[in-house]
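Everything below concerns the one structure shown next.
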Amino acid sequence: MYLRRLQLNNFRNAVSRDYVFEAPVVALTGRNGAGKTNVLDALHYICLTRSYFNSQDQQLIRFGEDYFNLTAQIEDEGEEYKVFCAYQPGNKKVVKLNGQDYPRLADHIGRFPVVMIAPTDLNLIHEGSDERRRFIDMLLSQTDRDYLLALMKYNKLLLQRNTLLKSWAQERKLDKALLEVLDEQLAPLNRLIYTRRAALLDQFNPVFEELHLEICQGHEKAGIQYESGFHQGDAATLMRQGVQADLEAGRSLTGVHRDDFVFTINGQPVKKFGSQGQQKSFIIALKLAQSDFLGMLTGKAPFLLLDDVFEKLDPQRVASLLQLVGQERFGQILLTDTDRGRVEAIFRHTGAEVQYIGVSS
Amino acid sequence: MNYPSRLIEEAVNAFSRFPGIGRKSALRLTLYLLRQPGEESQQLAKAISDLRSKVVYCSSCHNISDEPVCRICASKTRDKGTICVVADLRDVIAIENTGQYTGVYHVLGGLIAPMEGVSPDQLKIQSLLDRVASGEVKEILLALSATMEGDTTGFYISKKLAGQPVRISTIARGIAIGGELEYADELTLGRSILNRVPFGG
Ligand SMILES: [Zn+2]
């Protein structure tokens, strides 16, 4: 996969930008706030129909405008593809491949795999479980259509169910038959999502462990442990047992939306015991493993987006990162940095062909 | 956006309340009306106000009608033993256009969606149960969209009908890409009405 051209209109703070890409490594350099990250995020949006940094499409529209759109030209296995995404509040999100609508948006996701590494990724370790679930969901959604559809349906049903529970908490009004109907639909989805997450980690952990060893050049064993209420038993049974507690709480306490993923090194949670350096290596290895893994399953090396990664890394980690990049196991790389000189110095001895694009607002 | 006239702004506000009409389209409609003869606007206003004040709903199936009992329910040739359950009038029109259905209808007036404030008691579900309880009905044919709301509504109705001596069937799924019956072409929709399948989870 090769990104040839990317056009941004009213996306974040870009009025109108048009970039042509000509190398396997593209370095976007410029001051902070110049809009370098917008370019990476635009490609992320093109691939996954959502921003990496902001889940509210409305907030991606340039201030004072009432829509944004993005166009990408991507070459894949000798074919040229044109992807167009547009959003205007009040209308459905538009995603077109070569001018054609998709019957379902979900059919687009995973068509052009992508992985982003950004400074905010340390949130994966420090923030709540929803960040980690989102990571796992993004990984699975790009390779497993059933999972993505089940997850979308699950989230919608869960909102409906919580509305019912809330109205019970507030007005003591409950349509029992409706609650049962929602639960009968939720139970098989819980089962599917739980099973696929568990299976994913069985496959993903070995890839991750190996990459982590390469990055750290040490002997620390990295892994992800799956925590779920459904380790204890079948979804339908546990949900039935939980109904009373749900009614009292006014929300659903049982289900895969409560799952968590514990990041570990040598079996110990990184959040508590990892040094800052260990945590950074952990995240980078995690993301590169995501890229490797997506590449294995989709047969395409994903776009790798590195947002301000080099500035925050010590030289040794940069070196081992570049060694991996040099092995050509990753797809096209787009990176941002405030310092062109630093990027030049880093890539000087790799032999990689780098295109430099200066970005200014 | 700023408008040079308050009258224009009010018209734009009114038009942009329609589904799928943004402010730009609303302005285009407004300017179009201004270019047309005055009678045209009069007729439009009358059609809209008559629609609201004179419309009646069939007391049996809740379809929109000009009489207290609609033409389909009043017809001697329609099979009163089969009730096709749909979300709204558009589905009735789509199914009637196939010419393949000889039973009667029940128009729910929407689909269950608690989050959007649509609970079962806001739809015509109880009156459907009453129709079934009257004993004449042998088959309920669910023709609801293949969306989560359509599924929930179907499951809910079949749960409420459990134990009744009535067969519950559904039109074959997969016909409604985009989830709306009205978009399915007549031939496919007609065939799926003839080849209905038993309803189950
Ligand atoms: Zn009627």
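Only the coordinates and a few stated rules stand behind these numbers; no lab work does. Worth saying up front: this structure is predicted, and the values here are computed from it rather than measured. Cβ: placed from backbone, ideal geometry, glycine included. Neighbour counts: every protein chain shown.
Brief remarks follow.
- Cα centre as origin, Lys/Arg/Asp/Glu Cβ charges: region A:241-330 dipole, Debye: 160 debye
- In this Cβ point-charge picture (+1 for Lys and Arg, -1 for Asp and Glu), region A:108-184 has a dipole of about 220 debye about its Cα centre.
- DSSP loop trypsin sites (Lys or Arg not before Pro) with at most 16 other Cβ within 10 Å: longest gap in chain B: B:79-137
- Normalised by the number of residues in region A:198-271, the mean separation of alpha-carbon contacts (under 8 Å, six or more apart) gives a relative contact order of 35 percent.
- The protein assembly as shown - share of DSSP beta bridges that are antiparallel (%, nearest 5): 60 percent
- Loop trypsin sites (Lys or Arg not before Pro), region A:1-60, which have at most 14 other Cβ atoms in a 10 Å radius of their Cβ (DSSP): A:31
- In order along region A:61-76, the Karplus-derived 3J(HN,Hα) couplings, from 6.51 cos²θ - 1.76 cosθ + 1.60 at θ = phi - 60°, round to 7, 4, 3, x, 9, 10, 6, 9, 8, 9, 10, 10, 10, 10, 9, 9 Hz, and Gly and Pro are given as x.
- Per-residue Cβ neighbour rank within 10 angstrom, fewest leading, A:60, A:159: A:159, A:60
- Across region A:171-186, computed HN-Hα scalar couplings (Karplus, 6.51 cos²θ - 1.76 cosθ + 1.60, θ = phi - 60°) run 10, 6, 10, 8, 8, 4, 4, 5, 4, 5, 4, 5, 5, 5, 7, 6 Hz from first to last residue, x flagging Gly and Pro.
- Taking amide H positions as modeled 1.01 Å from N, with prolines and chain starts lacking one, no residue 5 or more places away or on another chain lies under 5 Å from residue B:78.
- Proximal aspartates and glutamates relative to residue B:24, as straight alpha-carbon distance under 17 Å, when same-chain residues fewer than 8 apart are discounted: A:65, A:66, B:9, B:10
- The ranking of B:75, B:119 from fewest to most other beta carbons within 10 Å of each one's beta carbon is B:75, B:119.
- Total lysine pairs whose alpha carbons fall under 30 Å of each other in region A:127-297 (8 or more apart, or interchain): 17
- Pairwise centroid distance, computed over Cα atoms, of region B:49-89 with region A:211-259, Å: 50 Å
- Extreme residue, positive dipole direction of chain A, given options A:170, A:359, A:16 (C-beta unit charges): A:170
- Counted charge near residue A:300, where neighbours are those whose Cβ lies closer than 10 Å (Asp, Glu -1; Lys, Arg +1): -1
- All aspartates and glutamates inside 18 Å of residue A:312 as judged from Cα atoms, apart from same-chain residues fewer than 8 positions distant: A:121, A:337, A:339, A:344
- Among A:223, A:331, A:99, residue whose mean-square fluctuation peaks in a GNM of chain A (springs only between Cα atoms under 10 Å): A:99
- Sequence-distant residues sharing a close amide H with residue A:4 (under 5 Å, placed H): A:73, A:74, A:75
- Dipole magnitude for chain A: computed about the Cα centre from +1 point charges on Lys and Arg Cβ and -1 point charges on Asp and Glu Cβ, it is near 740 debye.
- Local electrostatic count, residue A:270, Cβ distance below 15 Å [Lys/Arg +1, Asp/Glu -1]: -1
- Shielding score for A:165-178, defined as the mean number of other chain Cβ atoms within 10 Å: 2
- Residue A:234 sits among other residues whose Cβ lies under 11 Å from its own Cβ, and their net charge, with Lys and Arg +1 and Asp and Glu -1, is +2.
- Residues A:108, A:219, A:212 in ascending order of nearby Cβ atoms (within 10 Å, fewest first): A:219, A:108, A:212.
- Low-density loop positions, trypsin sites (Lys or Arg not before Pro), region A:129-209 - DSSP coil, at most 15 other Cβ in 10 Å: A:172, A:173
- Part-to-part distance (alpha-carbon centres) for region A:16-63 and region A:125-197, which is given in Å: 30 Å
- Springs join every pair of Cα atoms under 10 Å in this Gaussian network model of chain A, and among A:323, A:244, A:279 the largest mean-square fluctuation is at A:244.
- When you filter the GluC sites (Glu not before Pro) in region A:11-112 for DSSP loop state and at most 15 other Cβ atoms inside 10 Å of their Cβ, you are left with A:22, A:65, A:77.
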